[in-house]
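Asks: Dropping a structure here in structure tokens format, bear with me for questions.
The values are calculated or read from the model by the stated rules, or taken from the named source; none is laboratory data. Just so it is clear, the model here is predicted, and its values are computed rather than measured. Using ideal geometry, Cβ is built from the backbone for each residue, glycine included, and neighbour counts are taken over all protein chains shown.
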Amino acid sequence: MSGWPHRHLIDLATFSLEDFATVLELAQRFRVMPVSGSRKLPALQGRQVTSLFFESSTRTRSSFELAARRLSADVQSFSPSSSSLSKGESLLDTALTYVAMGADVLVVRHRCAGVPAALARDLDRECRGGGRPVAVLNGGDGLHSHPSQGLLDLFTLARHFAPEQPTPAALKDRTILIVGDVLHSRVARSNLWALTACGAHVVLCAPVTLLPEAFAAFVAAPPPGQASDPVANRGSIRIERQLERALVGADAVMTLRLQRERMHQHLLTSLESYHRSYGLSQARLELCGPTVPVLHPGPVNRGVEMSGDLLDDPDRCLVAEQVRNGIPMRMALLYLLAARGDELREA
């Protein structure tokens, strides 16, 4: 793993197909290892992982901290309510305080897009001035990106289609349907980069207020500041407004959390009407076959994005599997950003 090319992990637009293959392979190794309790891996022993969550989180924060502990890292947690930010301290100075206390990786979550990237640039500048190198891992920023969620979703799908060998090839030419509030979803954006990189064909389905037509060209050009696309041949993206048509031919379906504040912004008339038009149910899923899995990044609004009986169906709904896969995937990411030498091979 010494050839890993990324100092930071900000988004998935910079990932090559080889990067996705590396992450999936390593996550699979962690997934099948007994690494709890006394069998923790020493791979990050002596390293420190600090979670700087300026936005509330249950799954992501807990998953990262558990992943770090399973790799024997020291873990620090930041709480905005009890920090010096309320006294006027800048975000960079807050981060530098944790760096001075030994942080090797900062997992940063913020409600504003671009904060993890800006922090990574500032820390790199400090490093060039004689400071210690520190990795920044984006735990979710505004509407921009949630790379670890996109990767664990990719891993969950790859394991579903190829349990013994979950590689990018498992997604090639698969049709993946994403339903819901794409416009306001950093998860959807990360999934678009990941799925198309692996050759999947993504269908997006939502009303026009939650899914502008511009998303059909989302991966057509690299983001601002990026010279080129590291993936030579991506899959495709198309938009479908009617759920029944979108479901036909889908190999997997992902539905996104509908944020209730969208009604106050006049983007929706009611949650009931949304569920009637775009909510998933067992009956609707008959249009794409009995074995097609359903994913959701959580938290789920029962009876809105999907029916309660579908959410509770372990044969079809992979939500619990996504949560389980979040730990080995985040172990893989922390290892790639923080480990020295060949600790994993020797463990």
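Asks: Show me the helices (runs of 4 or more DSSP H) found entirely inside segment 86-174 where at least 1 residues are among the polar types (S, T, N, Q) and either within 22 Å of S62 (Cβ to Cβ) or not assigned by TED's automatic domain parsing to the domain that holds D74 (or both).
Replies: In segment 86-174, the matching helices (runs of 4 or more DSSP H) lie at 91-100, 147-161.
Asks: Kindly list, by first and then second residue, each pair from a residue in segment 294-310 that is closer than 18 Å to H184 by Cβ to a residue that is among the acidic types (D, E) and part of a loop (DSSP other than H, G, I, E, B), limited to pairs with Cβ atoms under 8 Å and residues at least 6 apart or on different chains.
Replies: Between residues of segment 294-310 that are closer than 18 Å to H184 by Cβ and residues that are among the acidic types (D, E) and part of a loop (DSSP other than H, G, I, E, B), the close pairs are H296/E305.
Asks: Determine whether R186 is within 15 Å of the chain's Cα centre (by Cα) and of a type in the set (D, E, K, R).
Replies: yes
Asks: Restricting segment 306-347 to residues that are of a type in the set (D, E) and modelled with pLDDT of 90 or more, which is farthest from S277 (Cα to Cα)?
Replies: Here the residue is E321.
Asks: Tell me whether segment 202-219 contains one or more residues that are within 16 Å of L151 (Cα to Cα), of a type outside the set (D, E, K, R) and in contact (Cβ under 8 Å) with a residue 12 or more places away in the chain.
Replies: yes
Asks: Please specify each residue of segment 181-209 satisfying the condition of being in a loop (DSSP other than H, G, I, E, B) and closer than 15 Å to I237 by Cα.
Replies: Across segment 181-209, the qualifying residues are V182, L183, C198, G199, A200, A206.
Asks: Which numbered condition trips up G150, out of (1) over 22 Å from T255 (Cβ atoms); (2) buried (at least 24 other Cβ atoms within 10 Å of the Cβ); (3) touching a residue at least 40 places away in the same chain (Cβ under 8 Å)?
Replies: Going through (1) over 22 Å from T255 (Cβ atoms); (2) buried (at least 24 other Cβ atoms within 10 Å of the Cβ); (3) touching a residue at least 40 places away in the same chain (Cβ under 8 Å) one by one, G150 breaks only (1).
Asks: Sticking with this one: Kindly check whether there is at least one residue in segment 69-82 that is within 30 Å of R31 (Cα to Cα), surrounded by fewer than 20 Cβ atoms within 10 Å (Cβ to Cβ), of a type in the set (A, V, I, L, M) and not assigned by TED's automatic domain parsing to the domain that holds R39.
Replies: Taking every residue of segment 69-82 in turn, none turns out to be within 30 Å of R31 (Cα to Cα), surrounded by fewer than 20 Cβ atoms within 10 Å (Cβ to Cβ), of a type in the set (A, V, I, L, M) and not assigned by TED's automatic domain parsing to the domain that holds R39.
Asks: In segment 236-255, which residues are in contact with a helix residue (DSSP H, G or I) (Cβ under 8 Å, 6 or more places away or on another chain) and closer than 16 Å to F215 by Cα?
Replies: S236, I237, R238, I239, E240
Asks: Would you check which residues across segment 20-31 are crowded, with 21+ Cβ neighbours inside 10 Å and either closer than 21 Å to V105 by Cα or basic (K, R) (or both) and list them?
Replies: F20, V23, L24, A27, F30
Asks: Take segment 117-129 and flag every residue that is over 13 Å from T94 (Cα atoms) and touching a residue at least 12 places away in the same chain (Cβ under 8 Å).
Replies: Residues satisfying the conditions are A117, A120, D124, E126.
Asks: Under the condition of being β-branched (V, I, T) and modelled with pLDDT under 95, which residue from segment 1-52 is farthest from the chain's Cα centre (by Cα)?
Replies: V35
Residues are listed down the side, and each one gets a yes or a no for (1) of a type in the set (S, T, N, Q); (2) more than 19 Å from the chain's Cα centre (by Cα); (3) surrounded by 14 or more Cβ atoms within 10 Å (Cβ to Cβ):
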residue: D229; (1), (2), (3): no, yes, yes
residue: L243; (1), (2), (3): no, yes, yes
residue: A246; (1), (2), (3): no, yes, yes
residue: D251; (1), (2), (3): no, yes, yes
residue: T269; (1), (2), (3): yes, yes, no
residue: R276; (1), (2), (3): no, yes, no
residue: G279; (1), (2), (3): no, yes, yes
residue: P290; (1), (2), (3): no, yes, no
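Asks: Go through (1) small (G, A, S); (2) in a helix (DSSP H, G or I); (3) in contact (Cβ under 8 Å) with a residue 12 or more places away in the chain and name the single condition S62 misses.
Replies: Of the numbered conditions (1) small (G, A, S); (2) in a helix (DSSP H, G or I); (3) in contact (Cβ under 8 Å) with a residue 12 or more places away in the chain, the odd one out for S62 is (3).
Asks: Might you let me know whether segment 219-231 holds any residue that is farther than 28 Å from H275 by Cα and hydroxyl-bearing (S, T, Y)?
Replies: Yes; the residues of segment 219-231 include at least one that is farther than 28 Å from H275 by Cα and hydroxyl-bearing (S, T, Y).
Asks: Follow-up question, since we're still on this one. For segment 38-47, check the following and say yes or no: at least one residue is assigned to a helix (DSSP H, G or I), without any contact (Cβ under 8 Å) to a residue 40 or more places away in the chain and within 16 Å of P168 (Cβ to Cβ).
Replies: Within segment 38-47 (the criterion being assigned to a helix (DSSP H, G or I), without any contact (Cβ under 8 Å) to a residue 40 or more places away in the chain and within 16 Å of P168 (Cβ to Cβ)), the answer is no, since none of the residues qualifies.
Asks: Looking at segment 225-305, what helices (runs of 4 or more DSSP H) fall wholly within it and have at least 3 residues that are out of contact with any His (no Cβ under 8 Å at 6 or more places or on another chain) and modelled with pLDDT under 90?
Replies: Hits in segment 225-305: 261-264, 271-278.
Asks: Taking segment 90-114, which residues are of a type in the set (D, E) and buried (at least 18 other Cβ atoms within 10 Å of the Cβ)?
Replies: Listed by number, the list holds a single entry, D104.
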